[in-house]
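Note sheet for the following structure.
The values are calculated or read from the model by the stated rules, or taken from the named source; none is laboratory data. All figures in this text were calculated on a predicted structure; none of them were measured in a lab. Note that we place each Cβ from the backbone using ideal geometry, even for glycine, and neighbour counts take in every protein chain shown. Remember, those area values only see protein heavy atoms, side chains included, never the ligands or the DNA or RNA. Shrake-Rupley method; radii C 1.70, N 1.55, O 1.52, S 1.80 Å.
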Amino acid sequence: MAPVRSTEKLSKASKNSSGLKLEVKFSLSFHAQGTALLVSPQLLRSRSLGQIDLARIRKDKDGWLLEIAEVKSSEVGEEQFLRFQKSRLMNAQKFLAGLFGHRSKLIRLVG
């Protein structure tokens, strides 16, 4: 499955070449395990929810599950996630889960 392309601006973390390559690498395997969701950064930002790196929906034994992934290139990025981004991403996760009416899960992918 090819990665989903967007005409939106890349996130700050994705602007550098290695960050973009890592996000594309994770995108291939992440989206191969479900149906890719393209979520508008404008929609999330208009609700002070920032943007998300990857999103998919898949079916498991309990029904549909919406999964949102945050890609980090290092443990330093992981610490920043815990400190600054977790609350915002969890709010974005809750918002999207409410729109779709399904359970949701936040996943951290560290390269």
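Annotation note: Cβ proximity below 6 Å between a residue of the stretch 16-43 that is farther than 23 Å from K59 by Cα and a residue that is open to solvent by 70 Å² or more (accessible area, probe 1.4 Å) (sequence gap 6+ or interchain) occurs for G19/S73; L22/S73.
Table: residues versus (1) assigned to a loop (DSSP other than H, G, I, E, B); (2) surrounded by 14 or more Cβ atoms within 10 Å (Cβ to Cβ); (3) modelled with pLDDT of 95 or more; (4) touching a helix residue (DSSP H, G or I) at 6+ places or on another chain (Cβ under 9 Å).
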| site | (1), (2), (3), (4) |
| --- | --- |
| K25 | no, yes, no, no |
| S29 | no, no, no, no |
| V39 | yes, yes, no, yes |
| Q42 | no, no, no, no |
| R47 | yes, no, no, yes |
| G50 | yes, yes, no, yes |
| R56 | no, yes, no, yes |
| W64 | no, yes, yes, yes |
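Out of the residues in the stretch 66-93 meeting the condition of being assigned to a strand (DSSP E or B) and under 20 Å from G19 (Cβ atoms), tell me which one is modelled with the highest pLDDT. In this case the residue turns out to be I68.
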